[in-house]
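K.L.:
After the structure tokens below, expect a handful of questions from me.
The values are calculated or read from the model by the stated rules, or taken from the named source; none is laboratory data. Keep in mind that what you see is a predicted model, and the values were worked out from it rather than measured. Glycine also receives a Cβ, built like all others from the backbone with ideal geometry; neighbour counts cover every protein chain displayed. Each accessible area value is taken on the protein alone, full model and side chains, heavy atoms only, with ligands, DNA and RNA left out. Shrake-Rupley method; radii C 1.70, N 1.55, O 1.52, S 1.80 Å.
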Amino acid sequence: MRLSTSTNMLYHVQRAEHSLDTIRTLGAAGFQVLDWCATAFSNQDTVRGENPFTTSEWQGWIGAQRNEADKLGIAFNQAHGSMYDYFAQDDHTAWLHQMTERIMQACVMLGIDTIIYHPYEAPGSRELQNIDACRRANVEYLRRAGDMAGKYGLRIAVENMLSNRRMDGSVYWRYCTHAEELVDLVDAIDMENVQICLDVGHAHYMGENLYNTIKLYGKRLIALHIHDNNRMDDLHLLPFHGTLKWDDVLLGLRAVDYAGDFTFEIQNATRRAPEELYPQLCRTAFEIGQYLLRRYNALA
């Protein structure tokens with residue numbers, strides 16, 4: 001199992017000109033495998049300054065990142081696709097639909113084989129907590145996405161979600177916040193190249209036992225988002241900075257013979273820090289990841 005991290009660890013500044021510096025900084029910290037955060041650049045409205053990914057220059061921008069990674073001996077393993085409500089009917093959604101294939105083409109250029117997708121509620125289903133309507137809508141959309149991904153030799157990993165918490169600690173209903181719903185969705189899609197990404201922070205926030213969740217996902221599990229929280233907020237912290245039980249995660253991965261990578265999604269490890277501390281914080285993240293992998297290997 002390889003250690004990797006999402007480029008969103010430093011992409012939170014959301015400036016395209018930082019993309020090569022991100023690769024260099026993470027590589028200098030020790031990371032040799034990166035998850036490319038396409039989310040940050042597929043939406044023109046959320047990027048400050050120039051955003052070449054939304055222009056005709058996008059292939060050159062992606063190619064420069066691949067060249068820099070190759071020079072440093074770094075590989076890209078997965079990407080986070082656009083996060084948006086697939087079922088909305090407006091011009092902005094239509095724009096993001098168009099970016100879906102561009103993200104897939106970029107993944108091929110970067111050597112990525114897996115894209116993370118979110119499930120969403122069908123129109124009007126949240127108020128009724130209508131699981132059947134959500135399943136039907138997501139099956140239809142994700143089958144189309146799976147067909148397109150298959151043309152590029154890519155896999156889709158559908159991520160478990162979390163819901164907002166009320167003042168009394170309870171949560172609002174949201175589709176696929178629990179393992180059983182996500183398994184039901186992926187099994188209904190019934191495509192070899194559409195499987196599951198476990199976000200351990202989301203599962204912890206929702207009160208799931210990570211060992212049991214991983215066992216339920218079984219061979220469907222092909223990707224991870226690794227981060228910690230206090231079960232009250234989706235904090236995306238480094239492991240051991242929240243309350244997640246990491247041995248439950250490691251034992252679960254060992255029990256199902258997980259064959260993917262151990263990928264951090266820890267943007268808040270650096271979000272509020274001065275830029276001069278980025279190298280040190282990235283190195284700390286790498287060392288924590290190495291510790292967890294040593295512990296995982298010791299469980300064999």
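K.L.:
Which members of the stretch 102-156 meet the condition of being part of a loop (DSSP other than H, G, I, E, B) and within 18 Å of ALA88 (Cβ to Cβ)?
P.N.:
If the condition is that a residue be part of a loop (DSSP other than H, G, I, E, B) and within 18 Å of ALA88 (Cβ to Cβ), then HIS118, PRO119, TYR120, GLU121, ALA122, PRO123, GLY124, ASN130 are the ones that fit.
K.L.:
Within the set of pairs 6+ apart or on separate chains, which have a first residue in the stretch 245-263 that is under 24 Å from PHE31 (Cβ atoms), a second that is of a type in the set (Asp, Glu) and open to solvent by less than 10 Å² (accessible area, probe 1.4 Å), and C-beta atoms under 6 Å apart?
P.N.:
THR263/ASP35
K.L.:
Confirm whether THR177 is in a loop (DSSP other than H, G, I, E, B), over 28 Å from TYR141 (Cβ atoms), of a type in the set (Ser, Thr, Tyr) and touching a residue at least 24 places away in the same chain (Cβ under 8 Å).
P.N.:
It is false that THR177 is in a loop (DSSP other than H, G, I, E, B), over 28 Å from TYR141 (Cβ atoms), of a type in the set (Ser, Thr, Tyr) and touching a residue at least 24 places away in the same chain (Cβ under 8 Å).
K.L.:
While we're on this one: Sort out which residues of the stretch 90-108 are open to solvent by 10 Å² or more (accessible area, probe 1.4 Å) and among the aliphatic types (A, V, I, L, M), and write them in order of number.
P.N.:
Hits for the stretch 90-108 are ALA94, VAL108.
K.L.:
Six or more apart or on different chains, Cβ under 9 Å: which pairs go from a residue in the stretch 72-85 that's of a type in the set (Val, Ile, Thr) to one that's open to solvent by 20 Å² or more (accessible area, probe 1.4 Å) and assigned to a loop (DSSP other than H, G, I, E, B)? Could you list them?
P.N.:
ILE74/GLN32
K.L.:
Yes or no: the stretch 161-174 includes at least one residue that is surrounded by fewer than 18 Cβ atoms within 10 Å (Cβ to Cβ), at pLDDT 95 or above and more than 30 Å from MET109 (Cα to Cα).
P.N.:
no
K.L.:
Would you check if there is a residue in the stretch 259-272 being out of contact with any helix residue (DSSP H, G or I) (no Cβ under 7 Å at 6 or more places or on another chain), part of a loop (DSSP other than H, G, I, E, B), open to solvent by 20 Å² or more (accessible area, probe 1.4 Å) and at pLDDT below 95?
P.N.:
Yes, some residue in the stretch 259-272 is out of contact with any helix residue (DSSP H, G or I) (no Cβ under 7 Å at 6 or more places or on another chain), part of a loop (DSSP other than H, G, I, E, B), open to solvent by 20 Å² or more (accessible area, probe 1.4 Å) and at pLDDT below 95.
K.L.:
Need pairs with beta-carbon distance below 6 Å; first residue touching a residue at least 60 places away in the same chain (Cβ under 8 Å) and within the stretch 211-224, second open to solvent by 20 Å² or more (accessible area, probe 1.4 Å) and not hydrophobic (A, V, I, L, M, F, W, C); sequence gap 6+ or separate chains.
P.N.:
As it stands, the answer is ILE222/GLN195, since those pairs meet every condition given.
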